[in-house]
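Please read the structure below before turning to the comments.
The values are calculated or read from the model by the stated rules, or taken from the named source; none is laboratory data. Owing to the predicted nature of the structure, the values given are computational and were not obtained by experimental measurement. Here the Cβ positions follow ideal geometry from the backbone for every residue, glycine too, while neighbour counts run over all protein chains shown.
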Amino acid sequence: MPEKTYLQAISDGLRQEMRRDERVFVLGEDVGVYGGAFKLTVGFLEEFGPWRVIDTPLSEIAIVGSATGTALMGLRPVAELQFADFISCAWDQVVTVAAKQHYRAGTSVPLVLRLPSGGGFSGGPFHSQSPESSFTHVPGLKVVCPATPHDAKGLLATAIEDPNPVLYFEHKHLYRRIKAEVPDERYTIPFGKARIHRAGGDVTVVTWGAMVYTAAEAAGELSAEGVSVEIVDLRTLQPWDKQAVLESVAKTSKLLILHEDTRTSGFGAEIAAQVVEDAFEHLDAPIRRIAAPDTPIPFSPVLEKAYIPQVEDVAVALRELAAY
Amino acid sequence: MAIARDTESLGSLPEIEELGLGRAELLGMYRDMLITRGIEERGHILYKQGKIPGSFYTGRGNEAAAVGVATAMRPEDAGTPLHRDMGVHVTRGVEPWRILAQYMGRVDGPARGRDGNVHLAQIEQNLIAMVSHLPAMMPVAVGLALAFRIRNERRVSVSWFGDGAAARGDAHEAMNFAGVRRLPVVFVCDNNQYAYSTPPQFEYACANISDRAAAYGFEGTVVDGTDVLAVYTEAKRAIEKAREGDGPTLIECVSFRMEGHAVHDDASYVPRELFEEWSKRDPIARFRLWLSEHARAGEAELSEMEEGVKTLLVEAQRRAESSPLPDPAELEQGVYAEPEELEGSPDA
C-alpha cells in the first residue's frame, strides 16, 4: 500500500470522486489555475475543465450560496474555503440557508465545504482557527475532523455521498507532516464511528484532528512511566460516537478531553456533559479538559506555542489523572 | 425615487400576441393575479381571526411584477421568490389551499408547519424556499444557474430581491459572480419603495438600483411594476437572452408596497398622498381595464372569473382548515436528509 501525506490523501480522494461521479465539482478561490492555496487541486483544472474546477471571485458568500444552489439542482459541490477562518463571511449561507433547508422544505443539500483549519505555523488570528465546535451547535450540519491520511480520504468520500451539508475540517498542520498508508482503491468511512488510535487501560483521552498526535506523544511518555493511555479519535463531531467514549471510560474510569479549539463552549464541554450524564458511576476522577485558552490565536511563535496545547501539558494532566 | 414608465404603456393585443401571449394566457394571468391577491386578503382576515400564528406579510401592489415574471419562465426554469412574490407560487402551480395551510401551520403547507407565511416553496415547481435573510437567496439562485451552465442545460434561474435586500453584501457577491461567469440568471428587484420603514433615499444613493448592473457587466432596466404586460415583456426578453447564453439581466420592477411591512405595521410613516397616487395604478384594476379594452373581455366574462376565484378560495380555505396540525412527536424528524432521498447515485 502506498504511503501518502494527509494532503495527498485528500487530493487523491477528491480526484477519485470526481472521476467516479460527474456531478462532483469543485469551486473556490484559486482552486483552478493556481491549484489551491495549499496546492491540493493541482492538475484538476487540466483534467476536469473550467466548469468542474471553478475559480471564483473573492466571495465566500457567493461560493457557499452558489454551491448550495447547485446542490439543490442535483450536483455534488465541494467548495473550498481557502482558510476555515473565512467561513465567518459565509455564516448565513451555511447556518441560515443550507443547514435548515431540509427540515423546513424537505429538500436535500448535498454540499461539502473543505475547511483548512488549525494552527501551529504562525498564521495569526485569521489563518489558524479551529472553528468546528461552533458548527456542532447548528442542527442540520455534519462536522468532520479527520486526523490520519487514511481517514481523510475515506471521510471525504463519505462526505461527498452524504445528502446533507458537511463541514470537512482538514488540519493544515497535518498536510505535509503526517504520512501513512492509504489504499489506492475507493473506500468510505462511516460518520459517527470513532477510531481507537491507541489502546490502553488506565486513562482515556478523547480528541480529534492534530491533537491526536499530541496525545499520542504524551501517551508514549506515560507508557515509559507504566501508565497505559487509550486515545479515542472521534473523527466526526456531528454525529459523534458517544458509545465509543462511554465504553472507553467504563474501562479506564478516567477521562481527559483534548482539543485545539478554545475552551469555553468548545465541543469538549459537550463530551464532558454527556459522560457525566451517562457514565458518572464509572468515573474515578474529575473529568479534565485541555483546550486552547479563551483568546484569539496569537501570531508570535512563543505566544502561539503557549496557546496551542502541547505534549507536556497533556503529559502533566495524564500523570495527575493516573495518580488520582 | 425610481421613476416608472408611463402608466399608459400597456400594449395592444396584436403587440402582446407577438410576444407569445394569446387571449387565454392573458386571462390566465389576470386569474393568477386575482388568486394571489385573494389568498393574501383571505390570509389577512384569518390572521385577524387568530387562525394564523406569528406574523403575516402580503405583496399587495406587487401582483403584476410577480405574475409577469413567472409567466415569462418555462416550467424547467427555477427561482427563489421572496415574500412579496406570492404570485410566482400561484403562477407556477402551487395550490392555493396548500398556501393557506402553510399560513396556519398545518401539515399540508409546503413547510409542513416547520416554517410559516411565505417561507414556502415546492421543489416540484423548481422553486426554493426563501429564508428571512432575504438577499441570502441571491447566491443560491446564482447556484441554480451555475448548475444549468455546468450541465449545459437550456434553463434559466430567476433571483428575486427588494430595494432593502439590495443594500446587503450578498446581492453584490451574487451579481458579481453571475456577471463574471455570464450565468443564465435574471435578477428581479421588486422595488416597492419601502424597506420596512426606510424609503429609497436612505437605502441607495444612485438613481435606480438597476444602474448597478453596469458595474457587474450586464444590462439593467427599469420597468413599471404595476404593468403586468410591461413586466412580462422585459422578463421574457431577459430570460430568453439568458437561455441563449448571453448572460444575466437586472430588471427593476418599480411598484409600491400598499400595506405595512407586515400586518402589525400601519405604515404611518408613508405619506398618505403616495398611497393615493399609487392606488390609481393598482395592477389588477389596470389589467382588468386593458383586458376589456383590448382583449374583448366583457364584464360578464370577467365577473364570472372573479366569482370563480372567490369560490375556489372559499373551498381552499375549507380544505386548509381541515388539514391537521403537525404532530409534536415528529418534531425531531427530518433535520437531516437520508441517503435514499437522493436519486442518481453513480452506483445505481
Item to check | Conditions (1) modelled with pLDDT under 95; (2) more than 18 Å from B:Arg319 (Cβ to Cβ); number of the one not met by B:Ala72 | outcome: (1)
Checklist entry - Could you say whether any residue in the range B:283-295 is farther than 19 Å from B:Asp227 by Cα and surrounded by fewer than 20 Cβ atoms within 10 Å (Cβ to Cβ)? => result no
Checklist entry - With B:Arg98, B:Arg112 as the choices, which residue is assigned to a helix (DSSP H, G or I), of a type in the set (Lys, Arg) and in contact (Cβ under 8 Å) with a residue 40 or more places away in the chain? => result B:Arg98
Checklist entry - Just one of B:Ala111, B:Ala72 is among the hydrophobic types (A, V, I, L, M, F, W, C) and either touching a strand residue (DSSP E or B) at 6+ places or on another chain (Cβ under 6 Å) or under 24 Å from B:Ile251 (Cα atoms) (or both); which is it? => result B:Ala72
Checklist entry - Within the range A:308-321, is even one residue touching a His at 6+ places or on another chain (Cβ under 7 Å), modelled with pLDDT of 95 or more and either hydrophobic (A, V, I, L, M, F, W, C) or assigned to a helix (DSSP H, G or I) (or both)? => result no
Next on the checklist: Go through (1) within 14 Å of chain A (Cβ to nearest Cβ); (2) among the aliphatic types (A, V, I, L, M); (3) without any contact (Cβ under 8 Å) to a residue 40 or more places away in the chain for B:Ile45 and report which single condition fails.
Outcome noted: (1)
Checklist entry - Of the residues that sit in the range B:179-204 and are closer than 20 Å to B:Gly225 by Cα and among the aromatic types (Phe, Trp, Tyr), which one is farthest from the chain's Cα centre (by Cα)? => result B:Tyr204
Item to check | Residue check for A:Gly35: surrounded by fewer than 24 Cβ atoms within 10 Å (Cβ to Cβ) and either free of Cβ contacts under 8 Å to residues at least 40 places away in the same chain or on the phi > 0 side of the Ramachandran plot (or both) | outcome: yes
Next on the checklist: Anything in the range B:178-226 that is more than 16 Å from B:Phe161 (Cα to Cα) and hydrophobic (A, V, I, L, M, F, W, C)? List them, or say none.
Outcome noted: B:Val180, B:Leu183, B:Phe202, B:Ala205, B:Cys206, B:Ala207, B:Ala214, B:Ala215, B:Phe218
Checklist entry - In the range A:185-221, what count of residues is obtained for those that are without any contact (Cβ under 8 Å) to a residue 40 or more places away in the chain and in contact with a helix residue (DSSP H, G or I) (Cβ under 6 Å, 6 or more places away or on another chain)? => result 3
Checklist entry - If we keep just the residues of the range A:43-73 that are of a type in the set (A, V, I, L, M, F, W, C) and without any contact (Cβ under 8 Å) to a residue 12 or more places away in the chain, which is surrounded by the most Cβ atoms within 10 Å (Cβ to Cβ)? => result A:Ala62
Checklist entry - Do you know which residues across the range B:68-94 are assigned to a loop (DSSP other than H, G, I, E, B) and of a type in the set (Gly, Ala, Ser)? => result B:Gly93
Checklist entry - Could you say whether any residue in the range B:249-259 is farther than 30 Å from B:Phe177 by Cβ, without any contact (Cβ under 8 Å) to a residue 12 or more places away in the chain and of a type outside the set (A, V, I, L, M, F, W, C)? => result no
Checklist outcome for this item: Checked the range B:167-184 for anything part of a helix (DSSP H, G or I), surrounded by fewer than 24 Cβ atoms within 10 Å (Cβ to Cβ) and either facing chain A (nearest Cβ under 7 Å) or in contact (Cβ under 8 Å) with a residue 12 or more places away in the chain (or both); matches are B:Ala167, B:Gly169, B:Asn176, B:Gly179, B:Val180
Item to check | Residue count for the range A:15-45, restricted to those that are assigned to a loop (DSSP other than H, G, I, E, B) and more than 16 Å from B:Arg181 (Cα to Cα) | outcome: 13
Item to check | Residues of the range B:80-120 satisfying the condition of being within 14 Å of another protein chain (Cβ to nearest Cβ) and at positive phi | outcome: B:Gly105, B:Arg112, B:Gly113, B:Asn117
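For every residue, the table says whether it meets (1) β-branched (Val, Ile, Thr); (2) at pLDDT below 95; (3) assigned to a loop (DSSP other than H, G, I, E, B); (4) not assigned by TED's automatic domain parsing to the domain that holds A:Ile231.
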residue	(1), (2), (3), (4)
A:Leu115	no, no, no, yes
A:Gly119	no, no, yes, yes
A:Gly124	no, no, yes, yes
A:Ser130	no, no, yes, yes
A:Ser133	no, no, no, yes
A:Val138	yes, no, yes, yes
A:Pro146	no, no, yes, yes
A:His150	no, no, no, yes
A:Gly154	no, no, no, yes
Checklist entry - Can you name the residue in the range A:6-28 that is surrounded by fewer than 20 Cβ atoms within 10 Å (Cβ to Cβ) and free of Cβ contacts under 8 Å to residues at least 60 places away in the same chain and is also nearest to A:Leu81 (Cα to Cα) among such residues? => result A:Arg15
Next on the checklist: Just the residues that are closer than 21 Å to A:Leu14 by Cα, β-branched (Val, Ile, Thr) and either touching a Pro at 6+ places or on another chain (Cβ under 8 Å) or at the interface with another protein chain (Cβ under 7 Å from one of its Cβ atoms) (or both), please, taken from the range A:67-109.
Outcome noted: A:Thr68, A:Thr70, A:Ile87, A:Val109
Checklist outcome for this item: Within the range A:46-66, the residues that are in a helix (DSSP H, G or I) and at the interface with chain B (Cβ under 7 Å from one of its Cβ atoms) are A:Ile61, A:Ala62, A:Gly65, A:Ser66
Checklist entry - In the range A:2-30, how many are of a type outside the set (Phe, Trp, Tyr), away from chain B (no Cβ under 14 Å) and at negative phi? => result 13
Checklist entry - Are any residues in the range A:130-183 within 14 Å of chain B (Cβ to nearest Cβ) and among the hydroxyl-bearing types (Ser, Thr, Tyr), and if so, which ones? => result A:Thr136, A:Thr158
Next on the checklist: For the range B:185-212, give me each residue that is farther than 17 Å from B:Ala65 by Cβ and without any contact (Cβ under 8 Å) to a residue 40 or more places away in the chain.
Outcome noted: B:Thr198, B:Phe202, B:Ala205, B:Cys206, B:Asp211
